[in-house]
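**Q** Below you will find the structure I want to go over with you.
The values are calculated or read from the model by the stated rules, or taken from the named source; none is laboratory data. Quick caveat: nothing in here was measured; it's all calculated off a predicted structure. Here the Cβ is made from the backbone with ideal geometry for all residues, glycine too, and neighbour counts use every protein chain on show.
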Amino acid sequence: MDGAEKVRRRALRLFLVSVLLSIPVTVCTVWLAARGWDSFAPGIGAPLVPVLYFLTELMTGVRFYELSRRWDGLRGWQRGVFGTGFAVIGG
């Protein structure tokens, strides 16, 4: 088993755990909001941070800190081009 496969297996396992743990929090927040409770974005977004973290590792096959190190190793104009592209695709 190579390094990327090990990272993806671990990321898949932790991604599923994160999803299972974030579902009740998200459902509760949406339920409260439907009944007039004023929520704000971090309240519903915070439980999803681990989900996105492990989804990134699952998609890339690279540990998040290593991906961050690689991103920091890019030149400024490269980060600008990639960042803009990610924002356009994400939007």
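**Q** When you scan the range 20-38, do you find a residue that is in contact (Cβ under 8 Å) with a residue 12 or more places away in the chain and among the aromatic types (Phe, Trp, Tyr), even just one?
**A** no
**Q** I'd like the full set of residues that are acidic (Asp, Glu) and within 16 Å of Gly3 (Cα to Cα), limited to the range 50-79.
**A** Selection gives Glu57, Glu66.
**Q** While we're looking at this one, here's another question. Examine the range 9-16 for a residue that is surrounded by fewer than 13 Cβ atoms within 10 Å (Cβ to Cβ) and on the phi > 0 side of the Ramachandran plot, and state whether such a residue exists.
**A** no
**Q** Does the range 20-29 contain any residue that is at pLDDT 95 or above, among the polar types (S, T, N, Q) and more than 15 Å from the chain's Cα centre (by Cα)?
**A** no
**Q** Could you give me the residue pairs with C-beta distances under 8 Å whose first residue belongs to the range 72-91 and is within 22 Å of Leu52 (Cα to Cα), whose second residue is not in a helix (DSSP H, G or I) wherever it lies, and which are 6+ apart or on separate chains?
**A** The qualifying pairs are Phe82/Leu74.
**Q** I would also like to ask the following. Can you find, within the range 43-71, the residue that is farthest from Arg8 (Cα to Cα) among those that are aliphatic (A, V, I, L, M) and in contact (Cβ under 8 Å) with a residue 24 or more places away in the chain?
**A** Leu48
**Q** Would you check if there is a residue in the range 32-48 being of a type in the set (A, V, I, L, M), closer than 20 Å to Ala4 by Cβ and either surrounded by 12 or more Cβ atoms within 10 Å (Cβ to Cβ) or at pLDDT 85 or above (or both)?
**A** no
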